Each structure stands twice: as structure tokens, then as C-alpha cells.
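The values are calculated or read from the model by the stated rules, or taken from the named source; none is laboratory data. Here the structure is a predicted model, which is why all the values come from computation and not from measurement. Every residue, glycine as well, gets a Cβ built from its backbone with ideal geometry; the counts of neighbours run over all protein chains shown.
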Amino acid sequence: MGKKHNFSAGPCILPQEVFQKSAEAILDFNGIGLSLLEISHRSKDFVAVMDEARAIVKRLMNLGDDYEVLYLGGGASLQFAMVPYNILKVGGKAAYLDTGVWAAGAIKEAKKVGDVDVVGSSKEDNYSYIPKDYKVGSEYDYFHCTSNNTIYGTQIKEFPEVDTLMVCDMSSDIFSRQLDFSKFDLIYAGAQKNMGPAGVTLVVIKKEILGKTGRENMFSILDYSQHISKESMYNTPPVFPVYATLLTLQHLENNGGIAAAEERNIAKAKLLYDTIDNHPLFETYCRDEDRSLMNVSFKLIDDSKKEEFDAAWKSAGISGLNGHRSLGGYRASIYNALPIESVQVLVDVMNSIK
Ligand code: PMP
């Protein structure tokens, strides 16, 4: 069977070259006569992978030695707990922006660690927009936001100026657009969208923010400082996801970096949103100004066309277009690795529905 047009929200499409090279590494890594899966994480071949996987993130984000890069297990969801555990002071307070199910998950966990104020929320409007009229002052230990809301298809276009540390869950749009990454004190992202396979989470952290909570006797596995002091090898890292992530980031770097990826992403998103806007039968869920470049969540205005549309996109070789179970409708995830040709196939199918 030929390759499908994969609009899955994650795990999702990665560059074909990454699939190829990681398959080769599973059979014979670096020509050493051993699989990547059967060598020690302390071997020189894997330590080189981890070192480069950490270094390339700083190059792509243009960050200096004041930042550290970690590859951890536990998914982005573990970071919902690790972030407050490491930077919410004992007796302190954190500010969170509630822009969707994942943001709400982060809020729920942070509340188990300390005080949390939700400074803005679009929950009442089914998360159809990004709240903007809020202020975050120095009374908070940090501000937490979610840059891209994978389910609803909304994205923060302008990050607020806050008077405290800036923490961001970039799981679903990391490396998709140029940002001043030095504005952030802590960034985390599950790999399984723009970065690699599921099983590893990237954490980028400004070192100076650690060790200030007054929390004693921390669990070592949950302590960023422990992971940093062991160069992201405090325990056995998820070796295959780290390697595949490195391949994905090398592919990005070799193809014009984030700037070129952003250009491609803008072109793909424009093609799809223009089609939706010009089509009498489709509409997006969210406000135009907050539309995501990564996840295009949309629905049919006339549900009687559902059967016809579903049959048409499936027979065109499209996969992964169903919306998240909490929203319904459709979601076209157009991550870095998805070619514009796949978007064109979807657009042609949409235009065939009258
Ligand atoms: N944050 C965002 C923005 C997400 O999209 C997701 C999952 N899709 C998560 C967090 C949770 O990630 P994980 O499944 O890796 O814990």
C-alpha cells in the first residue's frame, strides 16, 4: 500500500527520511554490528546521540549556556507535575492560562502542589479563543501557558509580557515557527508531534530558576537539577525516541531550520483556511485571529454531507482526519513533516463536496 496522507494529531507524520534512518539504526547502528536497541545508553555511540540531541535544540532555538536541555520520560503530562514541583515556592502562587483540556490538566496537577490562580479562561466558550485581557504580576512565582491547543485549533500568536517566570507547554507547535525562545524560562513538549515518536519529552530550562522553592527532600526523579547534573542520563533514557528525535531535528536543521519550516507551515495553513472560508459547507471552531498553524479543527455546517465527505477523504488516501473525541468534527493536523501536497489532496476533496 502507498503512503497515506497522514493528518493525525499525534503520534503523527515524521519525515520519511527519519523512518528510514531509524529503521536502519534498529538493524545496525552506525555500522557497529549492533542494534541501537541493544547497546548501553552509556556506550560512546549513544552518549554522542544524547549530546548532539541536546546541543541541536539550543542551536535551533538560538539559546546560550544559561539554558539546559533534558529528554525525559513520562510525557508532557509528567511536566504538569514537575513544573510546579520544581519552581512553585512553598507558600507561593502560580498563574495559569486555561485554553483547553491540556492547559486544564496542567492546572489540576499544579493545584496539588500549591496555590494556583487561573488568570484567564475560555472554557465557557468551549475554548474557541485565546484570552488576552489579563495581567500577571510579580506576586506569582511563574506564569504557565499552552502555546497551541491541539484539540480546538487555537494558538497564541503574541505571548504576553509578564512580571514573572514564563513557562510554556509547546507540545503541539514546537519548532513550527520562529519565536524569541529566550523569553521563556521553561519550555516543555512531548515529542510526538513535530519532534519525534512518542516516549520522550523535551524540557528546556533556564538553570538559574532552579533551587528556589524551599522544597526539601525532593524525589530525585522529579528534580530537574538531578537530571541536569547527570546530563539527561539520571536514569536510562528512552534511547530510541531520543535518537529518532535527533534525526527529526537534523532533518529540520538541514532543510532551512525553523524559519523555512514556518514558511511552509504558513503556506499549508493558508491553503486550508482559505478553502474552509470560501466553502459554504465548512467552518472552523475558533475565532479567526487565534487560528492555529498546526491543528485545523473544522466541521461541516450541513451534517447530511458527512457520509459523502467521509467516504471521499478516505478513498483519497487521507488518514487521521477525525476530530478529537471531546469536540467531534474534523481536525487536520498539518505538522512540520506534512507536505503541502497532502493538504492539496484534502482541499480537492473538500471542494468536491457541493
Ligand atoms: N499538552 C499538549 C498541548 C498536548 O497536545 C498533549 C497531548 N496531545 C499533552 C500536553 C499531553 O501529552 P502526553 O500525552 O505526552 O502526556
Flag for residue 111 being under 18 Å from the mean Cα position of the chain (by Cα), outside any loop (DSSP other than H, G, I, E, B) and away from the ligand (no atom under 16 Å from the Cβ)
no
I'm trying to understand the selection: among the residues of the stretch 148-174, which are surrounded by fewer than 24 Cβ atoms within 10 Å (Cβ to Cβ) and of a type in the set (A, V, I, L, M, F, W, C)?
151, 156, 159, 162, 165, 166
For the stretch 55-94, which residues satisfy the criterion of being under 17 Å from residue 184 (Cα atoms), surrounded by 15 or more Cβ atoms within 10 Å (Cβ to Cβ) and not hydrophobic (A, V, I, L, M, F, W, C)?
58, 67, 68, 79, 84, 86
Verdict on residue 173 being within 15 Å of the ligand (Cβ to nearest atom), charged (D, E, K, R) and either outside the structural domain of residue 297 (by TED's automatic domain parsing) or farther than 30 Å from residue 251 by Cα (or both)
yes
Taking the stretch 88-103 as the region of interest, how many residues are over 15 Å from residue 169 (Cα atoms) and of a type outside the set (Gly, Ala, Ser)?
4
At least 1 residues that are more than 20 Å from the chain's Cα centre (by Cα) in each: list the strands (runs of 3 or more DSSP E) lying fully within the stretch 268-354 that qualify.
282-284, 295-300
Do you know which of the residues in the stretch 198-241 that are assigned to a loop (DSSP other than H, G, I, E, B) and in contact with a Ser or Thr (Cβ under 8 Å, 6 or more places away or on another chain) is farthest from residue 25 (Cα to Cα)?
211
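Yes or no, residue by residue, for (1) within 16 Å of the ligand (Cβ to nearest atom); (2) in contact (Cβ under 8 Å) with a residue 40 or more places away in the chain; (3) in the same structural domain as residue 288 (by TED's automatic domain parsing); (4) within 25 Å of residue 53 (Cα to Cα):
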| site | (1), (2), (3), (4) |
| --- | --- |
| 134 | no, no, no, no |
| 154 | yes, yes, no, no |
| 165 | no, yes, no, no |
| 199 | yes, yes, no, yes |
| 210 | no, yes, no, yes |
Test for residue 192: is it under 22 Å from residue 175 (Cβ atoms) and either of a type outside the set (Phe, Trp, Tyr) or in contact (Cβ under 8 Å) with a residue 12 or more places away in the chain (or both)
yes
Residue satisfying condition, being of a type in the set (Gly, Ala, Ser), within 16 Å of the ligand (Cβ to nearest atom), at pLDDT 95 or above and on the phi < 0 side of the Ramachandran plot, within set 128, 122, 138
122
